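These notes concern the structure reproduced below.
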Amino acid sequence: MKFVFVDKENICTYHDGKTVKAESTYITNYRENSKREQKNREWKQKSDMMLYDDFYGMRNERVVAQINSVSPTLEENKCLYTFSVNETSGIYYKYFDGEKNTEAHFLSSNEYIFKDVTINSKGEITGTVQKDFLSSDIAVFSKNGGDYKCVTGGDSKDENPFSDGNGNIWFNSYGIGRDVNNEFVKYGCSEILKLDTARMEIETILSSEKYSYVKPIVDKNGDLYCIRTLGEEKEKQNVFLQVLLIPVRIVQALIGFVSMFVTIFAGKPLVEGKGKTRSGNGAAKHADGKQIFINNHLLNVEQEMKRNKKTADSGFIPHGWKLIKIKPASEDFSVNYNAETAEEIASGVADFALTEENGQKIVLYTNGKHIFSVVLDGEKKRKKLVNTDFCVKLGVLSVTEEEKTAKQNEEDIFFNGL
């Protein structure tokens, strides 16, 4: 069995029990260059310009980096991954070629963010292009890199494309709710949609006012797999208690403002505690570790770990996030899938993929801390494959030798035909 996954800022491969980790060369070089530039500016901290530098953020620039997705390719020991680092986003090839683990540029941008890149068995590359803070589109990429075409648009957040090899792209989409002043209010529940790239027509496959359906994958039998989450996961709150806490929160806000003011103009925080850095980077990293934004939900990692601690090999994904399977309502797949017939396969799922081994259909999934396999044709017992520090993305590519040979000299019809 072979698959790829992301663990923090590491790009990882798993092959029959062996895991190989490699850093993103681009992110590593970016961090090193940033540190070098900061050292070159250190003399300013002792000059009269120190106050100016602090106020305009010229000192101790923080590097915010994240690997957004990873996908295997048709070539051995090679994958395609997307990343964001400060104001830059890109798509790069990663080669697992020994100690070097070299990389090759595919596409980059200082305007947009690339996510959810996937490659199917025909070599068709799809992904998500985030063009602003709220919305994103599904895109088809040239196999040679350097170009792409968005095939969806509008006031929505389209994510997680899956190209079935038959001219259809399946994806999930959150509608954006706005008020009379066109200001953002909230996202709607995520729907599963199917785009016919020949006719450029979109069909709604799954929709609910209660649930969000995320990341569709369709197997060769037409069975639909996806993650089902509650549309709005809100904790029950004591209204009376919330009213009583208003004065406390006002005081906390005032203290926070004063602390920020002192930090800017004095070069150090109002109060320094053990383990905290004066630059603020340590506190910021700690905050990033506590809360994450995944599948359009803001999760508190520590709280979710506590809630799930009674479950063996638990993670930080809510138990209510279910991996489900829905069979088509008709043999020719012309009738929409009925969510009421959904079969639950796993709970606490952040991401998943389908593969086959020895003729058995297998689903791989991660709960954030571990990666499991489940044989779908058997008793559906899960088997732990890998322990991780922070994994919410994985990918697999099941390609026969016949498919590899057939695609070696094929032109990029899928991209050029759109």
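The values are calculated or read from the model by the stated rules, or taken from the named source; none is laboratory data. On a predicted model such as this, the values are computed, not experimentally measured, just so you know. Note that we place each Cβ from the backbone using ideal geometry, even for glycine, and neighbour counts take in every protein chain shown. All accessible areas refer to the heavy atoms of the entire protein, side chains included, with ligands and DNA or RNA removed. Shrake-Rupley method; radii C 1.70, N 1.55, O 1.52, S 1.80 Å.
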Go through (1) open to solvent by 40 Å² or more (accessible area, probe 1.4 Å); (2) more than 30 Å from residue 212 (Cβ to Cβ); (3) without any contact (Cβ under 8 Å) to a residue 60 or more places away in the chain and name the single condition residue 143 misses.
(3)
Those residues of region 1-22 which are out of contact with any Ser or Thr (no Cβ under 8 Å at 6 or more places or on another chain) and surrounded by fewer than 16 Cβ atoms within 10 Å (Cβ to Cβ), in sequence order
8, 15, 16, 17, 18, 21
For region 302-324, pairs from a residue that is over 13 Å from residue 369 (Cα atoms) and open to solvent by 10 Å² or more (accessible area, probe 1.4 Å) to a residue that is part of a loop (DSSP other than H, G, I, E, B) and among the polar types (S, T, N, Q), with Cβ under 7 Å and 6 or more apart or across chains, are 319/308
Restricting attention to region 158-188, the residues that are buried (at least 18 other Cβ atoms within 10 Å of the Cβ), free of Cβ contacts under 8 Å to residues at least 24 places away in the same chain and closer than 23 Å to residue 123 by Cβ number exactly 0
Please find, among 155, 97, 137, the residue that is surrounded by fewer than 16 Cβ atoms within 10 Å (Cβ to Cβ), over 18 Å from residue 4 (Cα atoms) and free of Cβ contacts under 8 Å to residues at least 24 places away in the same chain.
155
Hey, can you tell me all the residues within region 347-372 that are more than 19 Å from the chain's Cα centre (by Cα) and open to solvent by 10 Å² or more (accessible area, probe 1.4 Å)?
355, 356, 357, 358, 359, 360, 361
